[in-house]
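Student: Here it is: the structure, laid out below.
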Amino acid sequence: PAGRDALREELLLSPLPAGGLAATFQFRTRWDSAPQRGAVSHYRLFPKALGQLVSAQGVRELHLALTQGFWRTRAWGQPPLQAPAGAELWVWFQDTVADVDKAWKELSNILSGIFCASLNFIDSTNTVTPTASFKPLGLANGTDHHLLRYAVLPREIVCTENLTPWKKLLPCGSKAGLAVLLKAERLFHSSYHSQAVHIRPICRDASCLAVSWELRQTLTVVFETFSSSQGKKDWSLFKMFSRTLTEACPLASQSKIYVDISAKDKEKELLEVTPSPASVHEAIVQGEKRTYAVYDLLSPSLFNTSRSLNVQLKWKRPQDSSELSTPVLHAQRYVSGYGLQTGEISTLIYNTHPYRAFPVILLETVPWYLRLYVHTLTIITKGKENKPSYIHYQPAQDRRRPHLLEMLIQLPANSVTKITIQFERALLKWTEYTPDPNHGFYVSPSVLSALVPSVIAMKEVDMEQSPLFTSL
């Protein structure tokens, strides 16, 4: 039997303080089947290419993100989905996989073909096995980190040839439903664009006796006023995507648009949305109360009055800077020094919470051709040395593996922590320079894993039915 395969599509529109707008699409395909090696599976909504990949390579969980641009956390708030610039891939394998490195190599080559990306350049020189930084997001018996692989290609350029295969994995493609809005020339004419694929095992029902597979395809795009709308701060679906919605995807069991209409002062409503929404949803997201206007594309009354839906957002009054809530945790990283031989990598981590201290795990992956001087590692908070309570360092081997540095650092309340380490550039053979060496060298971003205070952490709700913004 086909089982209870289900597709749910959602779009979240969040106005940004500077006048721009972030749009986050999420398509969740659920597959009630347990793919076994060599067994024949029935595919209805779940893409066959990914289903066969999961069963053939013994994948337990897969996370791939392709991103263009930087999410400006201090100006835009916390991102709905975290992703570094370039291509990022991290995978948990089943404990039945005998040779994880071989499966990882094959997996990255297959994904490279599916998504038309340069993931075949993932090899031992840019792959690491973190010891503490990543946790499985789906069902997991244990967390044996030997089954985990992580790699980033910071130079990867994301364009239409990556978007097209991503859209083809959707049950309706881009022919119906919210995916109609995914018009490449509009998506790439934006300040930030990130598309991701997440596969994980989830409980089939409350008793959790059987396992289903969940494929989450997410796409986040940020439109800013200066590039997209001639300086005006009013937005509409047509203005952003040059398209409007005429129907839901016929295969979807849920198809909704959420518009964030929250205001700090109840008296001063900021946004006016048209047409007026049928319902309003309230939720607590990252410790703050939020209000969302909800449009249900499966409701027959929605398309009764007009044949297409074009949600419009108008600002009732200018937004003042006091309404920007600073993210509790944000970080920045830069390189200093001069000349081509030596330098220093600095990472600044901000904890803006007024009274809570909390621990973070910092993962640094540095290419082998930057020779790190580990004795120069300094961690300073409020003018004093901050000793990490856990540190794991794996030195690089020339042309074989990168440096891996993981630290558990306590961030005091209302503080800035500065982590610096010096390096020297190795002498490369002339054939080892990347194409277009005038760009310089790209170093993969740090990864921060934070144990966030419970005020901000999400409540345990039914993940299956919860809307996009509570399940992130």
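Student: Can you tell me the dipole magnitude for the chain around its Cα centre, using point charges on the Cβ only (Lys, Arg +1; Asp, Glu -1), in Debye to the nearest 20?
Tutor: It comes to approximately 420 debye.
Student: Let me ask another. For the stretch 372-434, give the percent of accessible area contributed by carbon and sulfur heavy atoms, probe 1.4 Å, rounded to a whole number.
Tutor: That share works out to 54 percent.
Student: While we're on this one: Among A140, H439, S108, whose Cα lies farthest out toward the positive end of the dipole of the chain, if unit charges sit on the beta carbon of Lys, Arg (+1) and Asp, Glu (-1)?
Tutor: Of A140, H439, S108, it is H439.
Student: Before rounding to the nearest 500, sum -39500 (n - 2.57) across all DSSP H runs of length at least 4 in the chain and divide by the residue total; then give [θ] at 222 nm in deg cm²/dmol. Walk me through the intermediate numbers first.
Tutor: On the way: 8 runs with 56 residues, N = 472.
Helix contribution divided over all residues of the chain: -3000 deg cm²/dmol.
Student: Evaluate E = 1/(1 + (r/R0)^6) for A426 and E272, where r is the Cβ-Cβ distance and R0 equals 51 Å; express this FRET efficiency to the nearest 0.05. Can you show the working numbers first?
Tutor: Details: r = 58 Å, r/R0 = 1.14.
Efficiency, rounded to the nearest 0.05: 0.30.
Student: Multiply the residue separation of K387 and Q332 by 0.36 nm, subtract the distance between their alpha-carbon atoms, and state the gained length in nm to one decimal. Each step should come with its number before you reach the end.
Tutor: Details: separation 55, 0.36 × 55 = 19.80 nm, distance 2.01 nm.
So the chain would gain 17.8 nm between K387 and Q332.
Student: Continuing with this model, one more query. Could you work out the local net charge near S191, counting Lys and Arg as +1, Asp and Glu as -1, over the other residues with Cβ closer than 12 Å to its Cβ? Let's see the in-between values first.
Tutor: Values: positive: R72; negative: E224.
Once positives and negatives cancel, what remains is 0.
Student: Still on this model: Could I have the simple spin-label model distance between Q410 and N109, label points 7 Å from Cα toward Cβ, reported in nm to one decimal?
Tutor: It is 4.9 nm.
Student: Which are the unpartnered cysteines of the chain, meaning those with no other cysteine Cβ under 4.7 Å from their Cβ?
Tutor: For the chain, the answer is C116, C159, because their Cβ atoms have no other cysteine Cβ under 4.7 Å.
Student: Here's another thing I want to ask about it. Give the cross-link partners of K239 among the lysines, using a straight C-alpha distance below 17 Å as the criterion and excluding same-chain residues fewer than 8 apart.
Tutor: The qualifying lysines are K183, K314.
Student: Could you give the accessible area per residue of the stretch 65-181, probe 1.4 Å, as a whole number in Å²?
Tutor: Result: 42 Å² of accessible area for each residue.
Student: So, one more: Tell me the carbon and sulfur percent of the accessible area for the stretch 91-161, rounded to whole percent, probe radius 1.4 Å.
Tutor: Heavy-atom surface of the stretch 91-161 belonging to carbon and sulfur, 1.4 Å probe: 55 percent.
Student: What does the extension gain come out to for Q394 and R44, with contour length at 0.36 nm per residue minus their alpha carbon separation? Can you show the working numbers first?
Tutor: Details: separation 350, 0.36 × 350 = 126.00 nm, distance 4.46 nm.
My answer for the length gained is 121.5 nm.
Student: Then there's this: Testing the spin-label approximation: label points 7 Å from Cα along Cα→Cβ at T131 and Q312. State their distance in nm.
Tutor: The modelled label-to-label distance comes out at 6.0 nm.
Student: A further question on this structure: If I take all pairs of Cα atoms in the chain, what percentage of them are more than 31 Å from each other?
Tutor: Taking all Cα-Cα pairs of the chain, the fraction more than 31 Å apart is 47 percent.
Student: Full-extension gain between N438 and F188, please, as 0.36 nm times their residue separation minus the C-alpha to C-alpha distance.
Tutor: 87.5 nm
Student: With a 1.4 Å probe and all protein chains kept in place, how do I379, I157 rank by accessible area, largest first?
Tutor: Heavy-atom accessible area, descending, gives I157, I379.
The values are calculated or read from the model by the stated rules, or taken from the named source; none is laboratory data. For clarity, every value in this text was computed on a predicted model and none was experimentally measured. We place every Cβ from the backbone using ideal geometry, glycine too, and count neighbours over all the protein chains shown. Each accessible area value is taken on the protein alone, full model and side chains, heavy atoms only, with ligands, DNA and RNA left out. Shrake-Rupley method; radii C 1.70, N 1.55, O 1.52, S 1.80 Å.
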